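The structure under discussion appears below in the form of structure tokens.
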Amino acid sequence: MNSALAQWEEKESSTPNEEWAALQQVVHNTAKTYLDQPERKHQEWFDPNDQELQTLMSRRNQVHQRVLQTRSTRSTTAAYNDACRLLQKRTRALKSDWWERKAVELQRAVDRNNMKGFYI
């Protein structure tokens with residue numbers, strides 16, 4: 001941090017706006033280096049790295065942008081509804097699969113009379 005701040009102090013800017021922008025960049029980079037990104041807590045069934053899910057979300061967002069940028073027609077609205085429907089179907093399938101695995105895990109704990117495994 002000290003070296004980045006020293007470089008900022010040595011740098012001569014012509015306007016106050018440029019100085020503020022340079023200082024903002026130094027502070028932002030330093031905070032990112034030392035603090036890093038916060039961990040996002042998702043539901044256990046939600047995998048943000050699932051490629052199919054990412055594809056469906058990006059498709060839905062693209063179609064939504066098209067609906068917002070152009071005037072709404074039947075075809076764009078239908079495409080948006082289809083993209084939403086497919087995304088919702090995939091997320092519900094992921095959640096359902098997770099609940100099924102969780103039920104099997106809980107049943108195993110009950111069968112073994114493992115109360116610690118049941119509640120964790």
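The values are calculated or read from the model by the stated rules, or taken from the named source; none is laboratory data. Bear in mind that the values here come from a model prediction, so they are computed numbers and not experimental data. Here the Cβ positions follow ideal geometry from the backbone for every residue, glycine too, while neighbour counts run over all protein chains shown.
Quick notes on this structure:
- Looking only at residues of the range 41-69 that are among the hydrophobic types (A, V, I, L, M, F, W, C) and assigned to a helix (DSSP H, G or I), we find that the one that is surrounded by the fewest Cβ atoms within 10 Å (Cβ to Cβ) is LEU68.
- Condition broken by SER72, with the remaining ones in (1) at pLDDT below 80; (2) surrounded by 10 or more Cβ atoms within 10 Å (Cβ to Cβ); (3) within 30 Å of GLY117 (Cβ to Cβ) satisfied: (3)
- Of all residues in the range 96-112 being within 32 Å of the chain's Cα centre (by Cα) and of a type in the set (A, V, I, L, M), the one that is nearest to PHE46 (Cα to Cα): ALA103
- Residues (among the aliphatic types (A, V, I, L, M) and either surrounded by 11 or more Cβ atoms within 10 Å (Cβ to Cβ) or in contact with a strand residue (DSSP E or B) (Cβ under 6 Å, 6 or more places away or on another chain) (or both)) located in the range 94-118: LEU94, LEU106, ALA109, VAL110
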